[in-house]
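Novice: The structure is given below, and queries will be raised subsequently.
Readers should treat all values here as calculations from the given coordinates under stated rules, not as data from a laboratory. Nothing here was measured: the structure is a model prediction, and the numbers come from that model. Positions of Cβ are generated from backbone atoms using ideal geometry, with glycine treated the same way; all protein chains shown enter the neighbour counts.
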Amino acid sequence: MIKNVVLDIGGVLVNYHTLDYYTRKGYTGEEAARLKAVTMDSGYWEQNDIGLMPYDWVLGKMKALDPALSSDIEKTLKTQHGIVSHRKESKGWIEEIRRKGYRVLVLSNFSRPALRDCPEAMDFLGENLGGSGKVGDYGVIAEGILSCEVHAVKPYPSVYAYLLTRYGLIPEETVFVDDTQKNLDGAQKYGIHTILFQSREQVLEELSSLSSAVNEKID
């Protein structure tokens, strides 16, 4: 029986901005691509999500990749306001999943600067996890793992182990929803069921089908 639904955040519960994060700040296509290449596409961006190194160290390493962009990197990433944006449908969707009888958690690669600078986007995430939602309120999730808190990122095995162990989840009773296939592949290695996010409606349909299939096997 499927009992737990674990949701990614970026691209699932919020809009996650990459190239358009820079174009929204007034950079041309070529300038935005250069900035994205030395920040979000660099290996240092993962360090941002892991959260072990000071953020100024991360910024310094990115600046060293393209010194000509140093001031632009500082200006655009010293704070990360706008790197994720609100999806007004998310809280209602979370409640719809709950009404179907599932426990809802999150598992996300997420940085402290993004949590700090985007509170308006994080109203579905409980204050205990660093979000702006009041625990117990409609559509607020109070259980889950953020990479910056456990210093481990998807798709590496340790982050799934943290999730299962901390919350006492049984893999065969758990579904993980993410918009990136490699993250789902990591979860599948633990025996966790997975759904590749395309739309809220598609996830609900696949969740229903998966639950039925799992229940038939048990019977």
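Novice: Looking at this structure, is residue 130 surrounded by 19 or more Cβ atoms within 10 Å (Cβ to Cβ) and over 16 Å from residue 3 (Cα atoms)? Spell out the reasoning first.
Specialist: Working: surrounded by 19 or more Cβ atoms within 10 Å (Cβ to Cβ): no; over 16 Å from residue 3 (Cα atoms): yes.
Taking the combined requirement at face value, the residue does not satisfy it.
Novice: Could you please find all residues in region 1-35 being touching a strand residue (DSSP E or B) at 6+ places or on another chain (Cβ under 9 Å) and among the hydrophobic types (A, V, I, L, M, F, W, C)?
Specialist: Correct list: 2, 5, 6, 7, 9, 12, 13, 14.
Novice: While we're on this one: How many of the residues in region 115-173 are touching a strand residue (DSSP E or B) at 6+ places or on another chain (Cβ under 8 Å), of a type outside the set (A, V, I, L, M), in a loop (DSSP other than H, G, I, E, B) and more than 23 Å from residue 79 (Cβ to Cβ)?
Specialist: 4
Novice: Can you name every residue in region 14-44 that is in a helix (DSSP H, G or I), surrounded by 19 or more Cβ atoms within 10 Å (Cβ to Cβ) and of a type outside the set (A, V, I, L, M)?
Specialist: 21, 22, 36, 44
Novice: Shifting gears a bit: Suppose we keep only residues that are closer than 30 Å to residue 191 by Cβ and among the β-branched types (Val, Ile, Thr) within region 6-64. Which one would you say is nearest to the chain's Cα centre (by Cα)?
Specialist: Selected residue: 9.
Novice: In this structure, is residue 196 out of contact with any strand residue (DSSP E or B) (no Cβ under 6 Å at 6 or more places or on another chain), free of Cβ contacts under 8 Å to residues at least 40 places away in the same chain and either under 24 Å from residue 149 (Cα atoms) or of a type in the set (Ser, Thr, Tyr) (or both)?
Specialist: no
Novice: Considering each of 94, 83 in turn, give the residue that is of a type in the set (Val, Ile, Thr) and farther than 21 Å from residue 49 by Cβ. Lay out the reasoning, then the answer.
Specialist: Working: 83 fails: farther than 21 Å from residue 49 by Cβ.
Within the list 94, 83, the selection yields 94.
Novice: Need pairs with beta-carbon distance below 7 Å; first residue in contact (Cβ under 8 Å) with a residue 24 or more places away in the chain and within region 61-78, second in a loop (DSSP other than H, G, I, E, B); sequence gap 6+ or separate chains.
Specialist: Close Cβ pairs (under 7 Å, with a partner that is in a loop (DSSP other than H, G, I, E, B)) amount to 62/39; 62/42; 65/42; 73/39; 76/25; 77/39.
Novice: Which of the numbered conditions does residue 194 fail, given that it passes all the others? Conditions: (1) in contact with a Pro (Cβ under 6 Å, 6 or more places away or on another chain); (2) in a strand (DSSP E or B).
Specialist: If we test residue 194 against (1) in contact with a Pro (Cβ under 6 Å, 6 or more places away or on another chain); (2) in a strand (DSSP E or B), just (1) comes out false.
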